[in-house]
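Read the structure below first, then the notes.
The values are calculated or read from the model by the stated rules, or taken from the named source; none is laboratory data. Computed from a predicted model, the values in this text were never measured in an experiment. Ideal geometry is used to build each Cβ from the backbone, glycine not excepted, and the neighbour counts take in all protein chains shown.
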Amino acid sequence: MTSNSISSTVTETEKRRSSPKLQIVWKNVFIFAFLHAASLYAIQLVFTSAKLKTIVFAFLLYVASGVGVTAGVHRLWAHRSYKAKWPLRLLLAFFNSVAFQNDIYEWSRDHRVHHKFSETDADPHNAKRGFFFSHIGWLMVRKHPDVIEKGKIVDCSDILADPIVRFQRKYYTPIVFLSCFVIPTVVPVWSWGESYWNAFYVAGILRYCWTLNVTWLVNSAAHMWGNRPYDRSINPRENKYVIVSAMGEGFHNYHHTFPWDYSTSEFGTRLNVSTVFIDFMAALGLAYDRKTVSPDVIKRQRERHGDGSY
């Protein structure tokens with residue numbers, strides 16, 4: 001065997017190791033298929049039989065659960081961009097449970113890995129593998145070995161140091177079942193006489209599916225489409241549609257450039273419901289030590305590394 005053929009064999013072996021065959025988790029595929037099919041049915045109920053109060057309640061749950069993800073597990077626990085007293089942490093943990101997107105520890109750990117190894121095989125939802133994969137596909141397959149391997153070197157001990165995080169993680173299944181499905185169903189029934197059927201499908205299933213897809217857009221659309229005024233060398237973009245739908249999380253080029261900024265944007269509360277929430281909690285004395293980036297540092301970053309689209 002020649003040296004060229006040996007080299008070729010080694011190269012092919014390395015490729016197979018670096019690109020293992022996708023292992024589909026069929027249980028998750030069926031769950032997500034049912035969830036989206038049921039949501040389409042729920043949309044019909046919105047226009048035919050659900051009460052207006054139920055629809056408004058579902059929207060409020062979407063906002064609350066969204067805040068549990070954005071202001072809670074993302075900005076507070078994953079990035080430590082501000083601090084919160086225990087009543088606020090407890091509220092955010094409940095909102096996060098309504099969102100049902102893995103417990104606080106697991107979500108934060110995966111997100112820290114995502115930032116440290118963004119757009120590589122170690123990124124849980126690597127956008128370079130395409131829109132579908134980064135949006136929902138990554139939840140339908142086994143994690144790439146690099147995600148597991150690199151995840152072990154990312155320190156998350158500070159997250160588990162919070163007793164509220166440990167409690168939610170220990171009792172996550174019953175907490176999520178109660179928060180995401182039972183409460184959204186019984187409140188409309190007991191409060192304004194909605195049917196259990198409409199309440200479950202509209203305030204439970206449809207609201208949950210909508211919140212999931214809005215969150216996933218940050219991983220997919222905000223990593224693929226938009227401008228890069230702060231760092232043209234990275235994938236994350238400023239996506240105005242995601243900014244609005246995801247309560248301020250679409251300022252994604254800024255966020256990956258300055259991940260410690262509690263607002264994820266240099267524009268404060270503008271188009272940023274999550275920042276409004278954190279600032280309101282700060283006014284109540286429940287949030288403090290909000291980290292920001294000085295305007296001079298942001299300006300220098302834009303001028304030196306931005307794409308000129310600011």
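Here F133 clears all of (1) touching a strand residue (DSSP E or B) at 6+ places or on another chain (Cβ under 6 Å); (2) within 18 Å of Q23 (Cβ to Cβ) except the condition numbered (1). For segment 50-81, name all the residues that are touching a helix residue (DSSP H, G or I) at 6+ places or on another chain (Cβ under 6 Å) and assigned to a loop (DSSP other than H, G, I, E, B). Within segment 50-81, A50, S81 meet the criteria.
List the helices (runs of 4 or more DSSP H) inside segment 170-276, counting only whole elements, that have at least 2 residues being surrounded by fewer than 21 Cβ atoms within 10 Å (Cβ to Cβ) and free of Cβ contacts under 8 Å to residues at least 12 places away in the same chain.
Numbers: elements: 172-176, 183-192, 207-219, 240-245, 252-257.
Those helices (runs of 4 or more DSSP H) span 172-176, 183-192.
Can you pull out every residue in segment 109-151 that is within 15 Å of the chain's Cα centre (by Cα), hydrophobic (A, V, I, L, M, F, W, C) and farther than 24 Å from W260 by Cα? Give the derivation first.
The first filter runs over segment 109-151 and keeps only residues within 15 Å of the chain's Cα centre (by Cα), leaving 109-115, 118, 123-127, 133-139.
Filter once more, keeping what is hydrophobic (A, V, I, L, M, F, W, C): 113, 127, 133, 136, 138-139.
Listed by number, the residues that qualify are F133, I136, W138, L139.
Can you tell me which residue within segment 123-153, out of those that are aliphatic (A, V, I, L, M) and either modelled with pLDDT of 95 or more or in a helix (DSSP H, G or I) (or both), is farthest from W26 (Cα to Cα)? Result: A127. Of the listed requirements (1) farther than 30 Å from W138 by Cα; (2) among the aliphatic types (A, V, I, L, M); (3) in a helix (DSSP H, G or I), V293 misses just one: (3).
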